[in-house]
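Only the coordinates and a few stated rules stand behind these numbers; no lab work does. Only a predicted model underlies this, so the values are computations on that prediction, with no experimental measurement involved. Backbone-built Cβ (ideal geometry, glycine too); neighbour counts: all protein chains shown.
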Amino acid sequence: MLGTNRKLVSRASTLLIALGVLAFAWATPAVAQTYLGSEACGACHYDKFNDMRVSGHPYKLTKSEDARNQPIPLPEGVTWDDVSYMIGGYKWKARFMGTDGYIITTLPDGTEGQNQWNILTGQWSDYHPGEVKPYNCGRCHTTGFSEAGNQDGLPGILGTWEFEGIQCEACHGPGAHFDPANDPVIDRSSAACGACHIRGDSATIPASGGFIRHHEQWNEILASPHAALNCVTCHDPHKKSDQSILVTCADCHENEAAAYAGTPMDDWNVTCEDCHMPMASKSAQALGPHKGDIQTHLFRIETDPNVSMFTSDGKFVALDGNGKAKVTVDFACLSCHQTETMEWASFYARNFHGSPPIPRPPAKLLFPRGRFWH
């Protein structure tokens, strides 16, 4: 009981100190942008702070002294004393900055590349091998970013910041400017998320190597049937992406869900997202010929087997006259049915949620390559 009381007193003291800091900051006219740190926010918003801390956002960038405690290997011949910051390291990949702030692209023995650790596959790959590569990603990887100067005086880092990673104040603004007497003004638009979840022009969807490039969720949403929705309609932005879903597909698409219920694919626990949000995007390393490592937000499926999802040069997702795009059946179907053909996938994808049930396929699809119909 005594231990419990001490813990309560300790927590109360911490809360009072944090509130005192915030009250002083709020009462003091601020000329400059004053960031207080996520711990100050967490004094009152503990649950959201806790959700945020275990999500991927705070780990976009980590100092060497903290990163070395994570189960991430270093490139061959590199030690943590050679590293100033780790980039990423949460789910997909990790890269490393040297003590001069430049991204390590050449190993101590002269090997160019083998400098990106891919977490999902457990393999090294090349990232701009041998190049002199400055770190210029602070705008979306840090909190309180400024284009001026070089963080820690390191010439390879372009810009400065208050805190590494995406902390509370990266989205909500400097804590010292928050007014506790009024509800905070929170931008819930997709454009707010799209400030970082974008690549290039929002009217295009850049692609490379047969996959959509990463961090393009806003580009994709704008080209999808859900363009009018906000990201926070479906996601709690404080939580890990796979635990952040607030609504299910069936909440809006009742008829399609009812038609799908009890089908063989439903019995195999194939979800709406598996087909309508396949891993058509790639951040680190592809997991298969039609499977990247990030789900797309395009949703609508193109069932014509002769249509490619990409432009002829492969640099962009193909858009129609209204700026909309579709997921093709190679990603929607063949990412799982890897031995089947586009024609086979197209046949089953047509009118998938419709009625009557899908008929028996034509003979040429029944036994392709000697296989039985399934």
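Under 5 Å between amide hydrogens, which residues at least 5 positions from Y85 or on another chain qualify, with H placed 1.01 Å from N in the peptide plane?
Correct list: S64, M97.
With θ set to phi - 60° and the Karplus curve 6.51 cos²θ - 1.76 cosθ + 1.60, what are the ³J(HN,Hα) couplings of the range 79-93 in order, to the nearest whole Hz, using x for Gly and Pro?
10, 5, 6, 8, 10, 9, 9, 9, 9, x, x, 8, 9, 9, 7
Which far-off residues, 5 or more places away or on another chain, put their amide H under 5 Å from the one on F310, with H placed in the peptide plane?
Excluding prolines and chain starts, which carry no amide H, the hits are A318.
Under a 5 Å amide H to amide H cut-off, with H placed in plane at 1.01 Å, what residues pair with N150 once short-range neighbours are removed?
The answer is G159.
Taking 24 Å as the cut-off for C-alpha to C-alpha distance, list the pairs among K240/K324; K63/K93; K133/K240; K91/K324 that go past it.
Over 24 Å Cα-Cα: K240/K324; K133/K240; K91/K324.
Where in the range 123-195 are there GluC sites (Glu not before Pro) that are in a DSSP coil and have at most 12 other Cβ atoms within 10 angstrom of their Cβ?
E147
What length, rounded to one decimal in nm, is gained on full extension from D304 through to T111, with 0.36 nm per residue of separation minus their alpha-carbon distance?
65.0 nm
From the backbone phi of the range 203-219, what are the Karplus-calculated ³J(HN,Hα) couplings (6.51 cos²θ - 1.76 cosθ + 1.60, θ = phi - 60°) in whole Hz, Gly and Pro given as x?
With coefficients 6.51, -1.76 and 1.60, one gets 8, 10, 10, x, 9, 6, x, x, 9, 5, 6, 7, 6, 10, 4, 5, 3 Hz.
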